[in-house]
Amino acid sequence: MAAGDSGDAVAKVLAAFREEQARGVASRSDFERLKGRFLGREKGLVPALFAGVRDLPPSERAALGARANAAKVEIESAVAGLGEDLARREREARERAAAVDVTLPGRRAPTGGLHPVTVVRRRIERVFLRMGYSIADGPELENDRTNFEMLNFPPEHPARDTQDTFFVSKKAKSPLLLRTHTSPVQIREMSRRGAPLRIIVPGRVYRNEALDATHAAVIHQLEGLVVDRGISMADLKGTIEEFLAALFGPDTKVRFIPTFFPFVEPGADVAMTCIFCRGAGCGKCKGSGWIEIMGAGAVHPKVLENCGIDPEEFTGFAFGLGLDRIALLLFGFPDLRLLLEGDQRFLRRFAFES
Ligand SMILES: [Zn+2]
């Protein structure tokens, strides 16, 4: 190889390197390729220059060796610079990816909501608390005497057939059973506190029923009881009108139809303006414009007496309704089973009700 060729070879390698250096390296693999092309031990262009120097006559070696060495120093230093630059850009990209953007909206943790029956219970409680009632509670495991006998359901009375339940123990003096209504709490409160009395009693009750769209073995009731001097059916009607208007709207009308419950006299089935047709008549109310909503009546004198209250001095009224049924009406869904299944797709609809 002639000296001139070798000199050109150094210039060519330097020119090729500067061209690539000017383009820069976009990625780690770009960088490794460039480094290998010029500085690679086996096939790199810079080590090849030194192999060329060894082939030269001794008189030319020193000069060319110096030029090749200068090129090597320049390229090595530039490659190191490109490497540092790349490492810095890689570090910045990693930091960007890991950074938290504090301006993004937060993710809301699911906190759950109230069950529709709870929503209805609380709305009704608010209405009666405003009217000066207090809330009473009692055991779900009752005895026959408090659940039936003191409410005028003697043993073998046919009215018991409508309230078949689950007996826990028939051996006790007064058999233990799951309460069929919240009325035994009225008995407990009247016996304990006497008159005057103004309470509502929300709670879970049990019936031996097969589950379908309108029946379940566990349902929720809310009863009200007022005992005082001079309480009449007119007070009952005014109270019910006020309550149903608060819950279903001010144009809700109320109708009483005489009926029999053992613990009241007289007793009434209470119907209200159909909420679907506002009284015009529709399929839901079988064209009548009315839907039955609750039972009510004047407290039977015998029941007052059973609790140690003198029926000559005090009179009272009581009413009761099913919270599950109210929830069906108020929120407009057709099937009681939806309330029991815990299906999130259904329950989420009520997350913001209160
Ligand atoms: Zn209707």
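Structure values in brief
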{"read-out": "Accessible area in the full protein assembly, largest first, 1.4 Å probe, for Leu34, Leu176", "value": "Leu176, Leu34"}
{"read-out": "Nearest-ten-degree value, helix 183-193 long axis tilted from longest Cα axis of the chain", "value": "70"}
{"read-out": "Proportion of all alpha-carbon pairs of the chain beyond 30 Å (%)", "value": "58"}
{"read-out": "Carbon plus sulfur fraction of accessible area for region 1-141, probe 1.4 Å, in percent", "value": "54"}
{"read-out": "Using θ = phi - 60° and Karplus 6.51 cos²θ - 1.76 cosθ + 1.60, couplings along region 301-314 (whole Hz; Gly, Pro as x)", "value": "x, 5, 5, 4, 4, 4, 9, x, 10, 6, x, 6, 8, 10"}
{"read-out": "Cα gyration tensor, region 174-282 - rounded (a/c under 1.5), prolate or oblate", "value": "oblate"}
{"read-out": "Normalised contact order of the chain, rounded percent, pairs of Cα under 8 Å and 6 or more residues apart", "value": "15"}
{"read-out": "Principal-axis tilt of helix 28-39 within the chain, Cα atoms, nearest 10 degrees", "value": "10"}
{"read-out": "Accessible area expressed per residue, the chain, with surrounding protein chains retained (probe 1.4 Å, Å²)", "value": "55"}
{"read-out": "Cβ-based charge dipole, region 3-139, positive-most Cα from Ser29, Ala15, Ala71", "value": "Ser29"}
{"read-out": "Heavy atoms of Arg278: accessible area, 1.4 Å probe, square angstrom to 10", "value": "90"}
{"read-out": "Amide hydrogen neighbours beyond the local backbone of Thr259, cut-off 5 Å, H modeled", "value": "Gly267, Ala268, Asp269"}
{"read-out": "Peptides 50-58, 230-238 ordered by average Cβ neighbours within 10 Å, highest first", "value": "230-238, 50-58"}
{"read-out": "Under Karplus coefficients 6.51, -1.76 and 1.60, residue-wise ³J(HN,Hα) of region 77-92 in Hz, glycine/proline x", "value": "5, 5, 5, 4, x, 4, x, 5, 4, 4, 4, 5, 5, 5, 5, 4"}
{"read-out": "Dipole magnitude of region 92-241, debye to nearest 20 (Cβ charges: Lys/Arg +1, Asp/Glu -1, about Cα centre)", "value": "420"}
{"read-out": "Among Asn143, Cys285, Pro116 - extreme Cα towards positive end, dipole of the chain, charges at beta-carbon", "value": "Pro116"}
{"read-out": "Charged-residue dipole, Cβ positions (Lys, Arg, Asp, Glu), the chain about Cα centre, Debye nearest 20", "value": "1040"}
{"read-out": "Electrostatic dipole magnitude of region 1-143 [Cβ: Lys, Arg +1; Asp, Glu -1; Cα centre; debye, to 20]", "value": "440"}
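The values are calculated or read from the model by the stated rules, or taken from the named source; none is laboratory data. This one's a predicted model, so the numbers in the text were calculated from it and none came from an experiment. No Cβ is skipped: glycine too gets one built from the backbone with ideal geometry, and neighbour counts run over all protein chains shown. Surface accessibility is based on the protein's heavy atoms, side chains included, excluding ligands, DNA and RNA. Shrake-Rupley method; radii C 1.70, N 1.55, O 1.52, S 1.80 Å.
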